[in-house]
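The values are calculated or read from the model by the stated rules, or taken from the named source; none is laboratory data. Quick caveat: nothing in here was measured; it's all calculated off a predicted structure. When we count neighbours, we look across all protein chains shown, and the Cβ atoms used for this are built from the backbone with ideal geometry, even at glycine. The area values use the complete protein model at the heavy-atom level, side chains included, leaving out ligands, DNA and RNA. Shrake-Rupley method; radii C 1.70, N 1.55, O 1.52, S 1.80 Å.
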Amino acid sequence: MDKYDLDNFDYDRYKQRAVQSNRNRKNRKTYRKRTRNRIIIVSVFILLVILVVVLITSCTNMLCGSKDDKAKEAAAMQTATETQVPTTEPAREFTFNKPAIKDDGKSTGMNDGGLYVWNKQAFELFFGTDVMAQRYAELMNKAADGLGASVKTYSLVAPNHTEFGLPDRLKNSDGGANTQPQDEYVKAAYDAMNKNVIPVNAYNKLSEHCNDYVYFSSDHHWTGLGAYYAYTAFAEQAKLPVLNLSSCTETKIEGFNGTFSGMASTELNKDTVSYWKLPYEVKNTITNSNGEELEVDSPYYDGADGYGVFIYGDNPIEVLKSSSPSANGEKVAIIHESYGNAFVPYLTYNFSEVYSIDFRSWSGSLKTFCQQKGITNVIFLNGVMSSATQVQLDSIESIL
């Protein structure tokens, strides 16, 4: 039949087919709409599920993180607490108290023979540098590191009379002396020492007693009393009992003319040398510069006419054995120049054996010596002038 033959066209059939086609079209449209709606619903549901999961995960992480942070914080606090357990190491901060020196505010002094003389007292001027302070600290570090952890290494730098006897108005250039502050020098040296060195702050003890008779007028040394106050600073630092001078017998040598008497052109005060005989026995074996040994029953030479009373003067090595009831059975070596002479006797109160070594004349290896003798404590004690003098530092280094 021709495509456009209307005479034979079955209209009912076409109508049925059209209706069916229309139904199919509507059904497909409805199906597509339902499918689209289902996809949207499912997608929204999935997104909601994902969002819920993300929210739950975030909250969980926050809670867990908070717990972890608290746990970490607690662990850190525990660690900090454990590391803050008190030790025997000294504080590394040093505060030096300025001395309140008696001064009429009027009298002046003068430069005389390389000294500064005021009120018939001679003062040794100090010109130490930071370079020398660093050098001294390096030697102390080298000594402590070499001796090892089994030996406690102490360092005591003793300021001189200028620091505690001459008013500030006379120390500067306008006052005439033009000397440098020794507290700054000592602090620079102590600050540069490592944790294996235990610095002893004798400065504050001497500053507290600056108006007592702690330094001679005619000599560069401290007196027996000045050395005693320095000893108390050491004993307190080392947590040892302190010898009470009232338990000792004071003996005096009058009319002492020290080393400055021959240097200054003006008259200086004559000095009195006081020393305190100990309330227990001390056997002292002295080895002099010729290698000869002398055994005596005291750390003091009663026949001396001045500073030589302390441990019989300058000798390479002396061994003092103490019967002090406070001696702890340990041994100590004190490495020093003449400033240490007046200090040595007081150590016999705390140690059973005291090895006094003058580094200027003793030769040997300090480490080997300490190992052989079973020495567990070493004290380096030097006047501030020696600590800033190259030849003295070279002598110290020669025994390390």
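One residue stands out in the stretch 111-130 among those that are modelled with pLDDT under 95 and open to solvent by 80 Å² or more (accessible area, probe 1.4 Å): the one that is nearest to Arg169 (Cα to Cα), namely Asn111.
For Glu397, are the conditions met, namely being among the acidic types (Asp, Glu) and either closer than 24 Å to Thr162 by Cβ or within 22 Å of the chain's Cα centre (by Cα) (or both)?
Working: among the acidic types (Asp, Glu): yes; either closer than 24 Å to Thr162 by Cβ or within 22 Å of the chain's Cα centre (by Cα) (or both): yes.
It is true that Glu397 is among the acidic types (Asp, Glu) and either closer than 24 Å to Thr162 by Cβ or within 22 Å of the chain's Cα centre (by Cα) (or both).
Of all residues in the stretch 303-316, those being farther than 26 Å from Gly255 by Cα and open to solvent by 20 Å² or more (accessible area, probe 1.4 Å) number 0.
In the stretch 224-247, the residue that is surrounded by the fewest Cβ atoms within 10 Å (Cβ to Cβ) out of those that are free of Cβ contacts under 8 Å to residues at least 12 places away in the same chain and polar (S, T, N, Q) is Ser246.
Screening Lys98, Lys142, Lys171, Lys152 for residues that are open to solvent by 10 Å² or more (accessible area, probe 1.4 Å), touching a Pro at 6+ places or on another chain (Cβ under 8 Å) and among the basic types (Lys, Arg) leaves exactly one candidate, Lys171.
When the stretch 146-175 is examined, which residues are found to be among the hydroxyl-bearing types (Ser, Thr, Tyr) and part of a helix (DSSP H, G or I)?
To start, the set of residues in the stretch 146-175 that are among the hydroxyl-bearing types (Ser, Thr, Tyr) comprises 150, 153-155, 162, 173.
Thr162, the sole residue that qualifies.
Residue pairs whose Cβ atoms lie under 7 Å apart, sitting 6 or more positions apart in sequence or on different chains, and linking a residue in the stretch 272-298 that is touching a residue at least 24 places away in the same chain (Cβ under 8 Å) and of a type in the set (Phe, Trp, Tyr) to a partner that is in a strand (DSSP E or B) and buried (at least 18 other Cβ atoms within 10 Å of the Cβ), are Tyr275/Tyr300; Tyr275/Phe310; Tyr280/Ser322. When Thr266 is tested against (1) at pLDDT below 95; (2) under 35 Å from the mean Cα position of the chain (by Cα), only condition (2) is not met.
When the stretch 324-337 is examined, which residues are found to be at negative phi and either of a type outside the set (Ser, Thr, Tyr) or surrounded by fewer than 19 Cβ atoms within 10 Å (Cβ to Cβ) (or both)?
Going through the stretch 324-337, the residues at negative phi turn out to be 324-328, 330-337.
Listed by number, the residues that qualify are Pro325, Ser326, Ala327, Asn328, Glu330, Lys331, Val332, Ala333, Ile334, Ile335, His336, Glu337.
Would you check if there is a residue in the stretch 102-113 being in contact (Cβ under 8 Å) with a residue 24 or more places away in the chain and touching a Ser or Thr at 6+ places or on another chain (Cβ under 7 Å)? For the stretch 102-113, residues in contact (Cβ under 8 Å) with a residue 24 or more places away in the chain and touching a Ser or Thr at 6+ places or on another chain (Cβ under 7 Å): present.
Applying the criterion of being open to solvent by 40 Å² or more (accessible area, probe 1.4 Å) and aliphatic (A, V, I, L, M) to the residues of the stretch 248-302, the residue that is nearest to Leu225 (Cα to Cα) is Met263.
Are there any helices (runs of 4 or more DSSP H) wholly within the stretch 176-290 with 3 or more residues that are among the aliphatic types (A, V, I, L, M), and if so which?
Working: elements: 182-191, 203-208, 224-237.
Here the list reads 182-191, 224-237.
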